[in-house]
Amino acid sequence: MSGRLIFVTGGARSGKSTFAEELARSQGGRVAYVATALVADEEMARRVEKHRERRPKDWATVECTGRLSEALALAATEHDVIVVDCLTVYIARLLPLLGEETADEATEAEACERMDRELDEVVAAVRSGGAEVIVVSNEVGSGLVPAYPSGRLFRDMVGRANQRMATEADFAYLVVAGVPLDLRALQATRFPWRHGD
């Protein structure tokens, strides 16, 4: 059986992780939580701990310190449902060390190519495993324009990744103020201003 991909996105504190966890609970079966964050300071440690406290005790946690596709393949061997939280943090780890003032086009192109290859592997890992995979990501493009080239590159990469995941996903949701919106149901399929429609 081919794995199923569910994509959940939204702004900061929109309720997207809570919704993804509710989806996982509703599926039943063995659940694995793939955590992509690397704890680098006290604030991140507190955030991670809050997420842990909210999750059921019987969920397995897989710390993704390497490639996401490998973590997914490992988790799929023993679990029916996998929650990946979050893709945005994982993409941040793919960025080269860019200076705040400059980021040349070759470096940007290389970063985007690397991300595209990673996403190819992630989608392949989802489809080749038998688990339902719920991928959480942030809508970072809806906020302020970053002041530095590296921040703008990150925003663009996340936007590009979110488009790819939404296209590949069997189901895609946008969470706004705690309310999940089914993007497939809301998707425009007709363009009434076109002649002949």
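Let's see how each residue does on (1) among the charged types (D, E, K, R); (2) touching an Asp or Glu at 6+ places or on another chain (Cβ under 7 Å); (3) open to solvent by 10 Å² or more (accessible area, probe 1.4 Å); (4) at pLDDT below 85:
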site: ALA131; (1), (2), (3), (4): no, yes, no, no
site: ILE134; (1), (2), (3), (4): no, no, no, no
site: SER142; (1), (2), (3), (4): no, no, yes, yes
site: SER150; (1), (2), (3), (4): no, yes, yes, yes
> Could you say which residue among ALA45, ALA37, ALA75, ALA71 is closer than 20 Å to LEU119 by Cβ and over 15 Å from the mean Cα position of the chain (by Cα)?
Replying inline: ALA75
> So GLY196 fits all but one of (1) on the phi > 0 side of the Ramachandran plot; (2) at pLDDT 90 or above; what number is the exception?
Replying inline: (2)
>> Quick check on my filter: what residues within region 160-187 are open to solvent by less than 30 Å² (accessible area, probe 1.4 Å) and either part of a helix (DSSP H, G or I) or of a type in the set (Lys, Arg) (or both)?
In response: ALA161, ASN162, MET165, ALA166
> Got at least one residue in region 50-59 being assigned to a strand (DSSP E or B) and not charged (D, E, K, R)?
Replying inline: no
> Which of the following residues is part of a strand (DSSP E or B), more than 15 Å from LEU5 (Cα to Cα) and open to solvent by less than 30 Å² (accessible area, probe 1.4 Å): VAL34, VAL62?
Replying inline: VAL62
>> Within region 152-182, take every residue that is aromatic (Phe, Trp, Tyr) and modelled with pLDDT of 95 or more and give me the one that is nearest to the chain's Cα centre (by Cα).
In response: TYR173
> Of the residues THR107, THR9, which single one is open to solvent by less than 80 Å² (accessible area, probe 1.4 Å), free of Cβ contacts under 8 Å to residues at least 24 places away in the same chain and of a type in the set (S, T, N, Q)?
Replying inline: THR107
>> Going residue by residue through region 139-149, is there one that turns out to be of a type outside the set (S, T, N, Q), touching a Lys or Arg at 6+ places or on another chain (Cβ under 8 Å) and under 23 Å from GLY29 (Cβ atoms)?
In response: no
> Conditions: (1) more than 15 Å from the chain's Cα centre (by Cα); (2) under 19 Å from ARG160 (Cβ atoms); (3) at pLDDT 80 or above. ARG25 meets all but one. Number of the miss?
Replying inline: (2)
> What residue, among those in region 48-59 that are of a type in the set (Lys, Arg) and surrounded by fewer than 12 Cβ atoms within 10 Å (Cβ to Cβ), is modelled with the highest pLDDT?
Replying inline: LYS57
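The values are calculated or read from the model by the stated rules, or taken from the named source; none is laboratory data. Everything numeric here is computed off the predicted structure, so don't read it as measured data. Virtual Cβ from ideal backbone geometry, glycine too; neighbours counted across all protein chains shown. Accessible surface areas use protein heavy atoms only, side chains included; no ligands, DNA or RNA. Shrake-Rupley method; radii C 1.70, N 1.55, O 1.52, S 1.80 Å.
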